[in-house]
Amino acid sequence: MVLAEYLEPSSAAHASAQAVKAWVRTRLRELALELPDRDAATAEAISDRLAVVIEGLYASTAALGTEGPARSARALAILIMDAN
């Protein structure tokens, strides 16, 4: 949400939010590489898809709470990991 409010890339808030998103993406990739039978390309695809799910969680939870569509996030993550 910070990136939408602080559009200037040079602002501290924008840079911090961007850094957090980059860290999450990197960490997801590291975790995806630990899944059995996953090569680097597959781990990257899994981690990018999970990052999109997480972004959707942020927005959905803020707007509709944890009982809205966010309650399906775990099932969606499992589908993503099992599909690759």
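List the helices (runs of 4 or more DSSP H) inside the chain, counting only whole elements, that have at least 2 residues being at pLDDT 90 or above and within 12 Å of the chain's Cα centre (by Cα). Step through it out loud before you land on a result.
Values: elements: 2-5, 12-33, 40-64, 73-83.
Correct list: 12-33, 40-64, 73-83.
Would you please name the residue that is farthest from Ala62 (Cα to Cα), looking only at residues in the stretch 1-41 that are in contact (Cβ under 8 Å) with a residue 40 or more places away in the chain and surrounded by 14 or more Cβ atoms within 10 Å (Cβ to Cβ)? Among those residues, the one meeting the criterion is Arg38.
The values are calculated or read from the model by the stated rules, or taken from the named source; none is laboratory data. Model, not experiment: these values are computed from the prediction. Heads up, the Cβs are rebuilt from the backbone with ideal geometry, glycines too, and the neighbour counts pull from every protein chain shown.
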